[in-house]
Structures are given as structure tokens and as C-alpha cells.
Amino acid sequence: MIYLDHHATTPCDQRVVDAMLPWLTQSFGNPHSTSHSAGRVAADVVARSAACVARHLGCPAESILWTSGATESNNLAIRGICGHPRQKRRHLITCFTEHHAVLDVVAEIEQNGWRVTRVPAYPQDHELAGCVDLDALAGAIDEDTALVSVMWANNEIGTISPMQQIAHLCHQAGALLHSDATQAVGRLPVDMKSVDVDLLSASAHKFYGPKGIGILVVGNGNRRVRLRPQIVGGGQQRNLRSGTLAPASIVALTTALEIAVSEMSESDARIRQLRKVFCGKLLECIEGLVLNGISLESPQRLAGNLNVRLPDVEGESWMAAAPDVCFSSGSACSSVDANPSHVLTGIGLTESEARRSVRFGIGKFTTDEEITQAVRLLCDAYRRIKPA
Ligand code: PMP
């Protein structure tokens, strides 16, 4: 099996597993039971982890909320801002090419009577294809806009958004900015000191940590961010997200982030080189193969991302014909959704083009041999299924 779907998830780094294990078996205290030493030890590692994550992201340690992952973080950010009893504004903005973990929450808020603007993304021929159209965004923001939610990097075509420009547009009008940074954290420098977003979501499993743990950064020290909690109960995490914290998972996310940051430039360069070779070889053996999204040379594209479309065969058929390679059809992280990718149609592809598209995600453990072998398996599979 050759795993080329690193936007869906990544394997846990062994160093992450090693760091988390003692927090399951030996130091297993409840971090909220601080009346005894077992609880205090756990509380201490949670606090140190928050400080470490905050240092890497350039935000105050008090802004880190631990969640079950980016889906929960996005839900909490958007519902939390819009549902706060002191929220006076009633307008919410997002972009067509966001992940469903944003789009579906926004649709719910709309049903609750909010005005919602879904801003278009730049089309396929634009140098930032897939990113929110900045002029359209500027035109959509008004004095009633409570929140703008724009992703940091797209999970299908890998376009990286100019977040600081977006932040500037939002803050000029007094709106808050949430960014779903699930594909960015651990892959790109994400520094909230220089890029002033107010809320930020991420999941550890996208950067070689375990599934089931994520963060929502709430507030960047600059503006007041008031959230209505979505999970209530024991009042943990300043009442914003109740439930016993999981020190092992928190240590894992933190270790994964530390490793990702320290190895980022080296692995980024290696992954870019692997992708260049991979794409070049696919283009050689599949006539009419087309790249979706922006140039692979552009620094505005995530290093491991490759999204291509076949001239004459559906992505699903290609996947079925090459079962030893793990990659995904256009509709990406979740194969539950059988519709053509809204990201690809959002940049102007037809439904047929979107259905002929697939996404690959190369990771830091991907080897040269795996790339060679994947090319062989994929090209053989394509030759078998292409129309005569
Ligand atoms: N946002 C983006 C951009 C993603 O790629 C994903 C993962 N597919 C999510 C949110 C949801 O993350 P999780 O499933 O870890 O909650």
C-alpha cells in the first residue's frame, strides 16, 4: 500500500506516540483534580503544552482551547461568535471553497435568521485560484458583519490564502476573522503575531499527531472575542468547552507541532521535489492530464498537494483500478459525499471535469521508491480503464 492522501490524515510520528504513552499509563491524573498531586502533574503538563503551542503560533497561552479536532473548533468558533447573547451584529461571511465543517455550520446559522454572504473564490486561471476573491470580500463586509471565516490553506487544491490582507479587510470594518487553518498548521509558518486572525482551528492528525485532538485559538490579544460555549457541563476550560481534558492527546499534539516546526523547511523542500517528479512522470504517461489549481512552482501552493484531472475517466474509476495507492477523488477528505467537489466547481470546473479529478497528498515519510511505484501502478491502471 502506498499512502498518498496526507490531506485526509497523516500517520502518527513514532516520537509523538513515545511522548504521549506515559500520560496514559503512568501519569494518568485528571488535570481538573488539582487537590492532589496526580491531578496537579496532569494540569501542569496541560499548561506547559498550551504555552508551547502558543509560542509556536504566536498567540497568548490563555487563547488555546483544546477540542476534539478542527470540526469541533470550527463549530465552536462560528456558532460561538454568532450565538453569543451580546452579539449585536447579524451578518456572517464565508467563501464557497471552504470545508464542509465551516459551510454546514454557516448554513445552520443562516437558517437561524442570519444574513450570510458566500463570497466567490478566484477562478482556475487566477494566480490564487481557490482563494477567496479579495475585492468581492471587501465589497461584502459591512458594519453588520460579525464574523468572516476564511481558510488558511485549501484542503483540495492547496492554495494558501493571503491571511494578513484578509485580516486587514475584516478589522477595518470591525468584523472578527476566523481561519480554518487545518491544512496550514504544521505545514506552514503560522504566526498570529504577524497574521492577525482572531480565531484559528487545527487538528493534530494533519501534522503527524493522533486523531481526536485539536485546538481552537480564541483571541489574539488584540480584540475582544466572546464565545457562547457549545459543550456545557463541568465548566472546564473557562466554561468555554466542558469535559475532562486528555493530557496524552494534548502532549501528542504539542510534540507533533514542535517536530513539524523544527523540521518544516527541510521536509517542505523534499516534499516539493517529490511532487515535481511525481507530477512530471504522470504527465509523461497520461496524455491530456491537467493540473487543477495554481502552478506547482508557486509558493502559494501547499508543498505536498497535487490535484489533477484525467481527460476521459472518472477519478473514482481510477481509484478503484489502482487499489494499492491511497489517494482521493475530488470530493476529498470525506468519501461520504458523492457530489463533485464544490472546490473544483467553485473555481469554474464543470461537474464532469470535477468528477475526473483526483487529489494526492505527499507526506514527510513518502519515499522516492514509493513515488516510482505509485506512478507505475497509476499509469498501468489508467491504461487498463481508458476508453479505446
Ligand atoms: N477543515 C479542513 C480544511 C480540513 O481539511 C479538515 C479535515 N478534512 C477539517 C476541517 C476537519 O478536520 P477533522 O476531521 O480533524 O475535524
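How big is D for the chain, in µm² s⁻¹ as a whole number, if Stokes-Einstein is applied with the Kirkwood radius of its Cα pairs at 20 °C and 1.002 mPa s? In µm²/s, the coefficient is 99. With R₀ fixed at 51 Å, the C-beta to C-beta distance from Ser242 to Thr350 puts the FRET efficiency at about 0.65. Kirkwood analysis of the Cα pair distances in the range 291-388 returns a hydrodynamic radius of 14.1 Å. To the nearest 0.05, how large is the calculated FRET efficiency for Asp18 and Arg376 if R₀ is 56 Å and r is the Cβ-Cβ distance? The value I calculate is 0.95. When you filter the GluC sites (Glu not before Pro) in the range 102-146 for DSSP loop state and at most 11 other Cβ atoms inside 10 Å of their Cβ, you are left with Glu127, Glu143. For the range 1-153, the calculated P(r), taken from all Cα-Cα distances in 5 Å bins from zero up to the bin holding the longest distance, is 2, 7, 12, 14, 15, 14, 12, 10, 8, 5, 2, 0, 0 percent. In percent, rounded to a whole number, the relative contact order of the range 36-150 is 25, using alpha-carbon pairs under 8 Å and six or more apart. 3J(HN,Hα) couplings calculated from phi for the range 201-208 with the Karplus curve 6.51 cos²θ - 1.76 cosθ + 1.60 (θ = phi - 60°) are, in sequence order, 10, 7, 10, 5, 6, 8, 10, 6 Hz; Gly and Pro show x. Beta bridges per DSSP, both residues in the range 13-148: antiparallel share near 10 percent. When DSSP beta bridges are restricted to pairs lying wholly in the chain, around 55% turn out antiparallel. Kirkwood radius for the range 144-251, taken over all pairs of different Cα atoms as the inverse mean of 1/r, rounds to 15.0 Å.
Fully extending the segment from Asn30 to Ala269 would add 81.9 nm, taking 0.36 nm per residue of separation and subtracting the current Cα-Cα distance. Taking Cα atoms only, the orientation of helix 100-111 departs from the longest principal axis of the chain by about 60 degrees. With a/c under 1.5 counting as rounded, go ahead and sort the range 98-202 into rounded, prolate or oblate using the C-alpha gyration tensor (a ≥ b ≥ c being the square roots of the eigenvalues; past the cut-off, prolate if a/b is larger than b/c, else oblate). Taking the square roots of the gyration eigenvalues as a ≥ b ≥ c, the range 98-202 is rounded. When restricted to Cα atoms, the range 229-268 yields an Rg and a Dmax of 15.0, 44 Å, respectively.
The angle separating the long axis of helix 368-385 from the principal Cα axis of greatest extent in the chain is about 60 degrees. Each of Gly29, Ala167, Asn222 was placed along the dipole of the chain (beta-carbon charges, centred on the mean Cα), and the one lying farthest toward the positive end is Gly29.
Rounded to 0.05, the FRET efficiency of the Ser194 and His126 pair, given R0 = 30 Å and the Cβ-Cβ distance, is 0.75.
Across the chain, the mean sequence separation of Cα contacts (distance under 8 Å, 6 or more residues apart), normalised by length, yields a relative contact order of 22 percent. Remark on the range 169-216: hydrodynamic radius 11.6 angstrom, per the Kirkwood mean of 1/r across alpha carbon pairs. Axis of helix 70-82 versus longest Cα principal axis of the chain: the two differ by about 60°, to the nearest ten degrees.
FYI, it's all coordinate maths here, none of it is from the lab. A quick note: this is a predicted structure, and the numbers were derived from the prediction, not measured. Here Cβ is always computed from backbone atoms with ideal geometry, including for glycine, and neighbour counts include all displayed protein chains.
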